[in-house]
Amino acid sequence: MKKRLYIIALAAVCLLGACKKDSNGTNGGQAAITDEAGAKALFSKMNSLWTVSLRPALSKTTQTYTNTVLNGNSGTATVTGSYSTTHASSSFSSTNTSTIDVTIIFKDYESNGMRLNGTVRFFDYSNVRSACSGSGCVTSAHSSIDYDSKDGAGNSYGPAKVQFEYSGKSYQDAVLMDIGKSDNAHWSIKVINGSNQTIITTY
């Protein structure tokens with residue numbers, strides 16, 4: 001009888017231990033985003049997702065997207081928004097401007113090592129101007145890029161569930177993100193994790 005009670009007690013302890021998160025906030029070997037390193041890892045994966053997977057899949061002609069579906073390695077990304085491009089030139093100058101402003105709804109979407117469920121706004125603006133005179137030509141460029149959990153009016157889309165691996169560490173969390181930069185400034189990164197903890201850093 002004592003042996004049977006010992007086995008039952010041991011099994012109960014093992015079950016409780018399996019369900020409990022450790023002191024690093026991990027669950028099943030996956031960590032929540034709780035510090036600057038995690039926030040920077042999220043930025044890196046989101047930036048790669050946009051520049052490698054999503055932006056190249058959007059046609060580079062002026063158009064409106066209405067529930068345009070992009071397929072990942074699995075799942076879908078449904079795009080609503082617009083892409084616009086303008087070109088103006090004269091004898092001595094030229095200006096090229098492009099703006100992508102899209103809201104993407106991710107459903108079990110996986111690409112480039114990133115898995116997403118939720119909604120994120122992507123804003124990507126570029127302006128390049130060249131002016132020439134008898135002494136030569138000068139080129140100036142301005143840009144702005146944002147990955148955001150709210151729309152242009154500041155209304156929240158709610159948390160996006162993210163899952164990815166970075167530098168040998170696995171992350172899984174439900175986050176609100178506000179990631180962006182203008183011109184050659186550092187990236188500004190703000191993340192609110194599933195425990196309502198705010199992490200602010202730069203990259």
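The values are calculated or read from the model by the stated rules, or taken from the named source; none is laboratory data. Just so you know, these numbers come straight off a predicted model, no measurement behind them. Positions of Cβ are generated from backbone atoms using ideal geometry, with glycine treated the same way; all protein chains shown enter the neighbour counts. Ligands, DNA and RNA are excluded from the accessible area calculation, which covers all protein heavy atoms including side chains. Shrake-Rupley method; radii C 1.70, N 1.55, O 1.52, S 1.80 Å.
Overview of values
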{"quantity": "Projected label distance in nm at D151 and T62, using a 7 Å step from Cα toward the beta-carbon", "calculated": "2.4 nm"}
{"quantity": "Taking the C-alpha atoms of the chain, convex hull volume expressed per residue in Å³", "calculated": "152 Å³"}
{"quantity": "Potential lengthening between S170 and Q197 on full extension [0.36 nm per residue; Cα-Cα distance subtracted]", "calculated": "7.8 nm"}
{"quantity": "Crossing angle, helix 36-48 versus the chain [Cα axis fit, 0-90 degrees, rounded to tens]", "calculated": "50 degrees"}
{"quantity": "N71 versus E36: modelled label distance in nm, points set 7 Å from Cα along the beta carbon direction", "calculated": "4.3 nm"}
{"quantity": "Crossing angle, helix 2-19 versus the chain [Cα axis fit, 0-90 degrees, rounded to tens]", "calculated": "10 degrees"}
{"quantity": "Portion, in percent, of the accessible area of the chain that falls on carbon or sulfur, probe 1.4 Å", "calculated": "52 percent"}
{"quantity": "Where the chain is the region considered: accessible area per residue in Å², 1.4 Å probe", "calculated": "58 Å²"}
